[in-house]
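Have a look at the structure below before the remarks.
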Amino acid sequence: MTVPIRVPAVGESISEVFVGEWYVSEGDWVDVDENLVGLETDKATFDVPAPVAGVIQHIGKQAGDSADVGEVIAQLEEGPPPEGHPSGKAATGTSHASPQARSSVSGDDGVRVMPAARRELAQRNLRPEDVEATGPGGRLLKEDVQRHRSGGSHDDGPREERRTRMSPMRQTIARRLVEAQQTAALLTTFNECDMSQVKALRSRYQEEFTKKYGIKLGFMSFFVRAVVDALNEFPQVGAQIDGDELLHRNYCDIGVAIGAGKGLVVPVLRNAERLSLAEIELAIADFAERAQQNKIGLEELEGGTFTISNGGVYGSLLSTPIVNPPQSGVLGMHSIQDRPVAVGGDVVIRPMMYVALTYDHRVIDGREAVTFLRRIKQVIEDPARLFLEV
């Protein structure tokens with residue numbers, strides 16, 4: 001029986017998706033619930049699993065194509081794995097694929113070559129066996145060819161240009177960043193934090209913390225708690241413009257920017273004011289893992305009263321983060337570096353981090369922004385304030 005593979009409903013406001021990478025090719029036998037293709041919306045990416053076991057008969061939408069919710073993008077012929085293939089995967093050239101399909105996905109030595117990778121190979125004058133395949137089931141991906149090329153073992157060839165369609169997520173990121181710049185009166189204020197006390201706490205309690213909670217104590221949980229503390233003292237920083245009114249909330253839903261494979265996502269820690277350091281660390285670790293697997297739900301990306309972005313994980317020393325509309329503020333964390341600072345009249349070396357607060361001047365006055373950031377500095381440099389509430 002032929003089973004259509006359709007684009008699933010992914011949210012009330014989502015009517016169209018972008019087809020990403022196919023993990024299988026025509027003629028492949030797939031098991032039930034095996035991921036077939038990655039789809040992308042303007043907010044998140046997700047995989048489509050096989051509803052039944054069988055052979056992929058036809059792929060109707062290629063990587064880069066758009067598709068409507070409910071549209072058929074592939075056909076799967078339900079049935080058991082071909083004889084002689086107990087792993088559930090038919091070797092290329094012995095499956096139900098047509099000769100045309102086999103020639104499009106196999107190299108001379110039997111390596112499965114994805115269509116995008118085949119184009120890259122042709123452009124670089126490479127053979128499939130020249131490149132290490134790292135894709136699912138030993139497939140050769142475009143990224144494998146590009147990574148091989150960057151190694152410098154082959155001539156780069158002639159100068160060239162190529163165009164790739166922006167994914168819905170990248171288009172949304174671009175649109176929202178431009179929107180923030182054009183519609184908000186953005187201003188950034190800076191300060192720096194001496195991370196000595198936080199580092200000392202982490203060093204002193206890391207082993208016990210990890211043993212008890214199964215997660216390491218990081219820096220982000222301290223900054224989330226510091227932001228909650230500062231928002232409680234300066235609630236205007238968490239306010240948002242709604243028409244000709246300002247919307248205030250008595251809770252702190254903190255967005256945490258996480259770099260996923262296909263773009264930046266900002267899942268939200270709901271009611272962060274109620275979370276312990278361990279709960280924050282566990283939630284962020286879960287977000288990070290699921291972001292790489294494209295398994296963060298759309299509802300987890302919506303809302304938020306304030307955002308924290310940590311460019312320090314990429315080595316950024318100083319930057320000006322952009323507000324995530326309709327929020328009015330975003331905190332930028334950066335790399336920790338040992339620097340000479342003056343303490344009590346002496347020059348000492350301390351682990352220092354620059355922090356930046358970008359805010360919408362329509363909502364937040366400069367005095368509030370500066371004192372908000374200074375409060376974060378006070379809490380980070382003296383974490384006992386979090387527990388003594390002073």
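Filtered by the rule that a residue be among the hydrophobic types (A, V, I, L, M, F, W, C), over 30 Å from Asp242 (Cβ atoms) and not in a loop (DSSP other than H, G, I, E, B), region 305-337 gives Val313, Ile336. Scanning region 246-260 for residues that are touching a residue at least 40 places away in the same chain (Cβ under 8 Å) and surrounded by fewer than 23 Cβ atoms within 10 Å (Cβ to Cβ) gives Leu246, Arg249, Tyr251, Asp253, Ala257, Gly259, Ala260. Annotation note: Cβ proximity below 6 Å between a residue of region 349-368 that is touching a residue at least 24 places away in the same chain (Cβ under 8 Å) and of a type in the set (Val, Ile, Thr) and a residue that is assigned to a strand (DSSP E or B) and surrounded by fewer than 23 Cβ atoms within 10 Å (Cβ to Cβ) (sequence gap 6+ or interchain) occurs for Val355/Asn191; Thr358/Leu186; Thr358/Thr188. Could we say that Ile296 is in contact (Cβ under 8 Å) with a residue 24 or more places away in the chain and assigned to a helix (DSSP H, G or I) here? Here the answer is no, as Ile296 does not meet what is asked. Within region 81-88, the presence of a residue that is modelled with pLDDT of 75 or more, under 27 Å from the mean Cα position of the chain (by Cα) and not assigned by TED's automatic domain parsing to the domain that holds Glu299 is excluded. Is it true that Gly303 is at positive phi, free of Cβ contacts under 8 Å to residues at least 60 places away in the same chain and out of contact with any helix residue (DSSP H, G or I) (no Cβ under 7 Å at 6 or more places or on another chain)? In short, yes. In this structure, does Ser309 turn out to be of a type in the set (Ser, Thr, Tyr) and under 13 Å from the mean Cα position of the chain (by Cα)? Taking the combined requirement at face value, the residue satisfies it. Restricting attention to region 314-347, the residues that are farther than 17 Å from Ile173 by Cα, touching a residue at least 40 places away in the same chain (Cβ under 8 Å) and surrounded by fewer than 20 Cβ atoms within 10 Å (Cβ to Cβ) total 4.
Condition check: polar (S, T, N, Q), part of a helix (DSSP H, G or I) and modelled with pLDDT of 80 or more. Does Gln123 satisfy that? Taking the combined requirement at face value, the residue does not satisfy it.
Counting only residues that are touching a residue at least 24 places away in the same chain (Cβ under 8 Å), over 19 Å from Arg139 (Cβ atoms) and not in a strand (DSSP E or B), region 13-59 holds 9 of them.
The single condition among (1) of a type in the set (Asp, Glu); (2) surrounded by fewer than 14 Cβ atoms within 10 Å (Cβ to Cβ); (3) under 20 Å from the mean Cα position of the chain (by Cα) that Glu281 does not meet is (2).
The values are calculated or read from the model by the stated rules, or taken from the named source; none is laboratory data. Nothing here was measured: the structure is a model prediction, and the numbers come from that model. With ideal geometry, Cβ positions are generated from the backbone for all residues, glycine too; neighbour counts draw on all protein chains shown.
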